[in-house]
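Reading through the structure tokens given below for one structure.
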Amino acid sequence: MAAGLGSRFGGVKQLARVGPNNEAILDFSINDARLAGFGEVVLIVRSSIEADVKAHLAELHPDADFFTFVRQDELGPPRDKPWGTLHAVLSAASAIDKDFAVINADDYYGPTSFDLAAAALAGLGPAEATNVAFQLGNTVPPRGAVTRGLCEVDAGMLTAIVETDGCQRLEDGRLEAGGSVVPELTPVSMNLWCFSASVLSDFDERWQAFLAANEADPKAECQLPTVVGQLMNSDRLVVQVEASGEQWIGITNPEDLELARAALAAR
């Protein structure tokens, strides 16, 4: 998913050069995914940045023939703000004919996370999905608070994702989330999902219902975790959780650039 506006970052953060050879985060993800056995890479973009993304990939992956581009802004009523992550995935439905994984273009998940995703997809059945979850302690920056989707897990199965503000490292080193001290290993979703292709019909149904209720709201977003929760609650989807021990690396604000570059310097 590479269609975000990057409002807090102040530009197209999907293409921010963070690697030692001018790579963006998505280049590391493409490499890791391919090494884990993934095939086609579908880039969900918006029309205004498509040419820039294509030029970047042509520079960093000059011989690649496995890219497909879809434009998120071509699905549904036009507006300046994208309609959300569920809408993004659904905009790629025409390019998806097999089980698939979903990632954010500006989040780095690490090679073992893609290995976990590939293994999960190999055993996925109808009405089943997998979330590759991260340890909260590996996703919180050294300074400042962030919002994270804390996962509630029972016997390895996801029961809920709770969007929680105020996830931060305290001065004494402990972790706080939503005003409470929590364990380092608290699982969080960073939008690394594995789905059966059959889920797209359920996604479309939920999107149509969302649009009917929110078409006039310029800020409403149809988000992937929300719809996954709705499908779980209606017994139409079960979600397994696979735990990744990787260090998450991401870019939200301009000051995150140097942290990302330092973390990726040896990759």
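Laboratory data are not the source of any read-out in this text; all were calculated from the coordinates shown. As the structure is a computational prediction, the values presented were derived from the model and not from experiment. Neighbour counts run over all protein chains shown; Cβ positions are idealised from the backbone, glycine included.
Which of the aspartates and glutamates could a cross-linker bridge to LYS98, judged by Cα under 20 Å and excluding same-chain residues fewer than eight apart?
By straight Cα distance, LYS98 reaches ASP32, GLU40, ASP65, ASP115, GLU128, ASP202, ASP204, GLU205.
Below 17 Å, Cα to Cα, which lysines can LYS54 reach? Residues fewer than 8 away in the same chain don't count.
LYS13
Span-like helices, the chain: DSSP H, alpha-carbon axial extent 18 Å or more, mean Kyte-Doolittle -1.0 or greater, which ones?
Values: long enough: 47-60 (20 Å, 0.18); 199-214 (22 Å, -0.06).
Answer set is 47-60, 199-214.
Divide by every residue of the chain the summed helix terms, -39500 (n - 2.57) for each DSSP H run of at least 4, and state the resulting mean residue ellipticity at 222 nm, rounded to the nearest 500 deg cm²/dmol.
Details: 7 runs with 79 residues, N = 267.
Theoretical 222 nm ellipticity from helices: -9000 deg cm²/dmol.
Starting from the 7 Å offset along Cα-to-Cβ, what nm value, one decimal, do you get for the label separation of PHE69 and GLN247?
Result for the modelled spin labels: 3.4 nm.
I'm spelling it out carefully: the read-out is percent of Cα pairs over 34 Å apart, the candidates are (1) 28; (2) 14; (3) 20, and one was derived from this structure. Which label?
(2)
Looking at the range 13-264, send over the antiparallel percent of its DSSP beta bridges, to the nearest 5. Can you show the working numbers first?
On the way: 27 of 39 bridges.
Of the beta bridges lying entirely in the range 13-264, close to 70 percent run antiparallel.
In nanometres, what is the gap between the two model label sites at GLU176 and SER94, each 7 Å from Cα along Cα-to-Cβ?
The modelled label-to-label distance comes out at 4.9 nm.
Quick check: the distance between the Cα centres of the range 93-171 and the range 31-46, to the nearest angstrom?
17 Å
Taking the Cα-to-Cβ direction at ALA119 and at SER48 and moving 7 Å from each Cα, how far apart do the two end points lie in nm?
Label-label distance for ALA119 and SER48, simple model: 4.2 nm.
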